[in-house]
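To keep things clear, I will list the structure first and then write my remarks on it.
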Amino acid sequence: MTVATTATCIAPIARVSGCDLQVPLVQGGTCTYANFDYAASAPALAAVTDHIAELLPFYASVHRGAGYASRVTTDAYEKCRAVVSGFVGAADDQVVVFTRNTTDSLNLLATAVPGEVVLLDIEHHANLLPWKNSRIVEAADTVAGTIERLAAELRRAPAALLAITGASNVTGELLPIGELADLAHECGARILVDGAQLVPHRRIDLAATGVDYLAFSGHKTYAPFGAGVLVGRRDWLDVAEPYLAGGGAVREVRLDHTEWACAPARHEAGSPNVLGAAAIAAACDALAGFDADAVARHEEELSALLVAGLHEIDGVELLRLWEDSCDSVGIVTFTVAGYEPAEIAAYLSAEHGIGVRDGRFCAHPLLARVGRAGGAVRASLGLGSSSDDVERLVGALRRLVEHGPSWTYAKTDGLWGPSPETRPGLAVEGAGASECV
């Protein structure tokens, strides 16, 4: 699929759910919603919702039913593994386990790691909190310096795993995962990539890069039906304690002994989220069908347009981790002098129908190290984004800085919102529970 671009027009790559959503404005009237919150939860691709609609009439029990619908559902569920495996270029010894989300995947893997885990202080909480025996390395101001620090720590003492983000959920900046995989293996460790922000934006090949484990979420990959994925080498997963104890995870149960199944069944006790797995597989199929270069170009051009526009506004400061980073996904995070992040988000929503994320983005240590412990505003792009959206956001922020909001805003129970709130169904506008996200 090609991207229609001119000096002033960058069209969406694909049609997503909610692209024509009309939202009310606090001053009256409505406008088309401008979604800049892809990094939190991406809207569903049309191909995903179409696939779910086709599967729903056959929805039935999985693995333990003999009826036709049950057999169809079971077959569809297991085929999802092959689709996901192919999409991420899994190696022959890697298995696909379906989970609830990236956080769930990382918590599962944490039960299986037979040793210490090395990670950076910039990780999302999902890749910071689950590890029982962790050694945290302070990131340097450059990518090169950060890699040097990781190398020094891995060589200082044996570690079982290097757990690293593929793309920062705060700044969008990427680390060279192939290089880090080589480093980990050289030091006798394996590597886990938190792909929550990477997989929706960049193609990854586990076998080619040498990545041992990958975790990502459906709801960030245009498949918002409550499922996630852990792909990785099966030996640790085959011998780890089952993530959940229950039906489906066993081969044989006696009152005095239980024989557990191997992965993936070992860690998928209970009735699985069939629709979630099917949605992820459909999203993977759809993403594989796009021209990867066109997708990257679309995102780069929109990001450049947004960054250039923000640089022209007095008082706006963009967040970065590394001075030498040269690649990032479509995430731009910023602050505006004189305004709290949640106040900005409330203004953009109420007066302009623009959805952004504010707060600390489940990355409190990262925000503290860049001097923004109070939070920031994140605008994230995706397949449904356009230059019209970007120009609308930049224009709204320019008006805020130059003229201030046209409505009155107040903080109620810690949340900023318009006062009075005139939009239907919103007694109090919660722009974002900044202390929690």
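Would you kindly identify the strands (runs of 3 or more DSSP E) lying entirely within region 199-309 that contain at least 1 residues that are more than 19 Å from the chain's Cα centre (by Cα) and surrounded by 24 or more Cβ atoms within 10 Å (Cβ to Cβ)?
none
Across region 133-150, which residue is nearest to the chain's Cα centre (by Cα) among those that are assigned to a loop (DSSP other than H, G, I, E, B) and closer than 25 Å to Gly371 by Cβ? I'd like the intermediate steps shown before the answer.
Taking region 133-150 and keeping what is assigned to a loop (DSSP other than H, G, I, E, B), we get 133, 138-142.
Keeping just the survivors that are closer than 25 Å to Gly371 by Cβ gives 138-142.
Details: Glu138: 23, Ala139: 21, Ala140: 24, Asp141: 24, Thr142: 23 Å.
In this case the residue turns out to be Ala139.
Can you tell me how many residues within region 78-132 are farther than 20 Å from Leu287 by Cβ and in a helix (DSSP H, G or I)?
Selection size over region 78-132: 11.
Looking for whichever is within 30 Å of Gly359 (Cα to Cα), of a type in the set (Asp, Glu), exposed (fewer than 13 other Cβ atoms within 10 Å of the Cβ) and in contact with a strand residue (DSSP E or B) (Cβ under 8 Å, 6 or more places away or on another chain) here; the options are Asp93, Asp20. Which one fits? Step through it out loud before you land on a result.
On the way: Asp93 fails: within 30 Å of Gly359 (Cα to Cα).
Among Asp93, Asp20, only Asp20 is within 30 Å of Gly359 (Cα to Cα), of a type in the set (Asp, Glu), exposed (fewer than 13 other Cβ atoms within 10 Å of the Cβ) and in contact with a strand residue (DSSP E or B) (Cβ under 8 Å, 6 or more places away or on another chain).
Can you name every residue in region 185-197 that is part of a loop (DSSP other than H, G, I, E, B) and touching a Ser or Thr at 6+ places or on another chain (Cβ under 8 Å)?
Those that are part of a loop (DSSP other than H, G, I, E, B) and touching a Ser or Thr at 6+ places or on another chain (Cβ under 8 Å): Gly195, Ala196, Gln197.
Just give me the residues in region 313-336 being in contact (Cβ under 8 Å) with a residue 60 or more places away in the chain and within 21 Å of Arg399 (Cα to Cα), in sequence order.
Ile313, Asp314, Gly315, Val316, Val332, Thr333, Val336 - these are the residues of region 313-336 that are in contact (Cβ under 8 Å) with a residue 60 or more places away in the chain and within 21 Å of Arg399 (Cα to Cα).
Here are Thr111, Thr146, Thr142, Thr165: which of them is closer than 21 Å to Ala263 by Cβ and modelled with pLDDT of 95 or more? It would help to see each step written out before you state the result.
Working: Thr146 fails: closer than 21 Å to Ala263 by Cβ; Thr142 fails: closer than 21 Å to Ala263 by Cβ; Thr165 fails: closer than 21 Å to Ala263 by Cβ.
The unique qualifying residue is Thr111.
Taking region 1-10 as the search range and keeping residues that are in contact with a helix residue (DSSP H, G or I) (Cβ under 8 Å, 6 or more places away or on another chain) and modelled with pLDDT of 50 or more, which one is nearest to Tyr222 (Cα to Cα)?
Kept after step one, since they are in contact with a helix residue (DSSP H, G or I) (Cβ under 8 Å, 6 or more places away or on another chain), are these residues of region 1-10: 1-3, 5, 8-10.
Keeping just the survivors that are modelled with pLDDT of 50 or more gives 8-10.
Details: Thr8: 27, Cys9: 24, Ile10: 20 Å.
Per the stated criteria, the residue is Ile10.
Name the single residue, out of those in region 7-32 being assigned to a loop (DSSP other than H, G, I, E, B) and free of Cβ contacts under 8 Å to residues at least 12 places away in the same chain, that is farthest from Tyr409 (Cα to Cα).
Once the filter is applied, the top-ranked residue is Ala7.
Being assigned to a helix (DSSP H, G or I) and either without any contact (Cβ under 8 Å) to a residue 60 or more places away in the chain or surrounded by fewer than 18 Cβ atoms within 10 Å (Cβ to Cβ) (or both): is that true of Glu343 here?
Here the answer is no, as Glu343 does not meet what is asked.
Only one residue in Asp291, Asp285 is out of contact with any Gly (no Cβ under 9 Å at 6 or more places or on another chain) and farther than 24 Å from Glu173 by Cβ. Which one?
Exactly one residue qualifies, and that residue is Asp285.
Conditions first: (1) polar (S, T, N, Q); (2) more than 19 Å from Asp212 (Cα to Cα); (3) surrounded by fewer than 23 Cβ atoms within 10 Å (Cβ to Cβ). Asn169 passes all but one, so which condition is the exception?
Of (1) polar (S, T, N, Q); (2) more than 19 Å from Asp212 (Cα to Cα); (3) surrounded by fewer than 23 Cβ atoms within 10 Å (Cβ to Cβ), only one is false for Asn169: (3).
Return the residue satisfying two criteria in turn: it lies in region 357-396 and is among the β-branched types (Val, Ile, Thr) and surrounded by fewer than 24 Cβ atoms within 10 Å (Cβ to Cβ), and of such residues it is farthest from Asp121 (Cα to Cα).
Val394
Would you tally the residues in region 53-64 being outside any helix (DSSP H, G or I) and loosely packed, with under 14 Cβ neighbours inside 10 Å?
Looking only at that region, the number is 1.
Six or more apart or on different chains, Cβ under 8 Å: which pairs go from a residue in region 171-190 that's farther than 13 Å from Val118 by Cβ to one that's of a type outside the set (S, T, N, Q) and exposed (fewer than 15 other Cβ atoms within 10 Å of the Cβ)? Could you list them?
Cβ pairs passing all conditions: Glu173/Asp327; Leu174/Asp327; Gly178/Ala208.
Could you grab the pairs with beta carbons closer than 6 Å, sequence gap of 6+ or different chains, first residue in region 269-290 and under 21 Å from Ala249 (Cβ atoms) and touching a residue at least 12 places away in the same chain (Cβ under 8 Å), second one of a type in the set (Ser, Thr, Tyr) and in a helix (DSSP H, G or I)?
Listed by first residue and then by second, the contacts come to Val274/Thr73; Val274/Tyr77; Ala277/Tyr77.
The values are calculated or read from the model by the stated rules, or taken from the named source; none is laboratory data. As the structure is a prediction and not an experimental result, all values here were calculated from the model. Every residue, glycine among them, receives a Cβ derived from its backbone with ideal geometry; neighbour counts consider all protein chains shown.
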